[in-house]
Every structure is written in C-alpha cells, then in structure tokens.
Amino acid sequence: MTESLYQRLGGVERIAAVVDDALDRHAVNPLLAPRFRGKDMPRLKLLGTQFFCAGSGGPQKYEGRDLRITHTGMNANEQELIAAIDDFVAAMQSQGIGAAEVNEVVAILYSFKGEVLRL
Ligand code: HEM
C-alpha cells in the first residue's frame, strides 16, 4: 500500500512541529511579520496544523475559516506567498523531512495562490 503524504511526513507530531517552526519564522520574517503582529499565534498554529494534516491525508478535521474568506481584504502579493512558502521549506528541512516530500508540499501550497492573493 502506498503511504499517504501525511504518513510520509511523520504524522501529526512532525506536522505540528513544522507548523510551529514556520509560524515562528513568519513572525520574524520582514516580508511577513507585519501581517502577523497582534494575531493569536497559538490559535493559528492549531488551525495550521489541522489544515496541513487534513490536506495531506490525516484523520484531523480543519475547524478554521474558508481560505478565501480568511485572506479577503489582505491584498497579499506573490512576494509574500513565496516568503511564506520559503518559511515552510526551512521548517520542513529543519525537521529532517526529505526533498521529495518538501517538493510535494511546496506544490500544494503554491496551488492555493488563487485563494489567498490579491483578495
Ligand atoms: C500557501 C498559502 C496559504 C495558506 C494555505 C494559508 C492558510 C491559512 C489558514 C489555514 C489560516 C487560518 C484561518 C482562520 O483564521 O480561520 C490563515 C490565516 C492567516 N493568513 Fe494565511 N495562508 C496562506 C497564505 C498567506 C499569505 C501569502 C499571507 C500574507 C502575507 C497570509 C496571511 C494570513 C494571516 C495574516 C492570517 C491570520 C488571519 C487572522 O487571524 O486575522 N496567508 N492562513
């Protein structure tokens, strides 16, 4: 049986560590930090973990808002999307996730472009 992306990433424990690290990086990334100032980071980490787990084949349920609704009014741009993806790549690498899985996650994150940019 082929393993799901969720299983290949190492399940909820490893995914939670990646999201935790990536959001800590967002908070100090000059391209993203202003967006996250004053936000409830523990809540965003929980929702980000649910979203990532559910989207990669895990049993978790995503309890956050619709992506398009969440990002409407931000007018986020391509540079910010790349910066966000870069932070996830760095977080996955620091968690020892392999290149094949990193590339798969990058492609999935990029695929949300139309739901998060210029809204
Ligand atoms: C790869 C694409 C992206 C995904 C999958 C994504 C996912 C999410 C999710 C799941 C949430 C939580 C939803 C909720 O609050 O109920 C969220 C919130 C947020 N996202 Fe994104 N996001 C993406 C790109 C971006 C970009 C490019 C920016 C802009 C810099 C951004 C800025 C934010 C901010 C500021 C929040 C917090 C909103 C609030 O609590 O007021 N996101 N995102």
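Here's the yes/no breakdown for (1) surrounded by fewer than 16 Cβ atoms within 10 Å (Cβ to Cβ); (2) of a type in the set (D, E, K, R); (3) in a helix (DSSP H, G or I):
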position	(1), (2), (3)
Thr2	yes, no, no
Glu13	yes, yes, yes
Ala17	no, no, yes
Asp20	no, yes, yes
Asp24	yes, yes, yes
Pro34	yes, no, yes
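Looking at Ala76, is it part of a loop (DSSP other than H, G, I, E, B) and touching a helix residue (DSSP H, G or I) at 6+ places or on another chain (Cβ under 8 Å)?
When the stated conditions are applied, Ala76 passes them.
What pairs come out if I take residues in region 24-35 that are at negative phi and pair them with residues that are surrounded by 16 or more Cβ atoms within 10 Å (Cβ to Cβ) and of a type in the set (Ser, Thr, Tyr) whose C-beta lies under 7 Å away, six or more apart or interchain?
Nothing qualifies.
Please verify whether region 91-106 includes one or more residues that are within 9 Å of the ligand (Cβ to nearest atom), assigned to a helix (DSSP H, G or I) and in contact with a Phe, Trp or Tyr (Cβ under 9 Å, 6 or more places away or on another chain).
Taking region 91-106 and keeping what is within 9 Å of the ligand (Cβ to nearest atom), we get none.
No.
I'd like the full set of residues that are at positive phi and within 10 Å of the ligand (Cβ to nearest atom), limited to region 38-63.
Gly38
How about region 44-81: which of its residues are without any contact (Cβ under 8 Å) to a residue 40 or more places away in the chain and exposed (fewer than 13 other Cβ atoms within 10 Å of the Cβ)?
Pro59, Lys61, Glu63, Arg65, Asp66, Ile69, Glu78, listed by residue number.
If the Cβ limit is 7 Å and pairs must be 6+ apart or interchain, which residue in region 1-23 that is closer than 16 Å to Ala91 by Cβ pairs with which residue that is modelled with pLDDT of 95 or more and basic (Lys, Arg)?
As it stands, the answer is Val19/Lys45; Asp20/Lys45; Leu23/Lys45, since those pairs meet every condition given.
Have a look at Ala91, Ala107, Ala100, Ala84 and point out the one that is hydrophobic (A, V, I, L, M, F, W, C) and more than 15 Å from the chain's Cα centre (by Cα).
Every option except Ala100 fails the conditions.
The values are calculated or read from the model by the stated rules, or taken from the named source; none is laboratory data. Just so we're clear, the structure is a prediction, and the values are computed from it rather than from any experiment. As a convention, Cβ positions derive from the backbone with ideal geometry for all residues, glycine included, and neighbour counts pool all protein chains shown.
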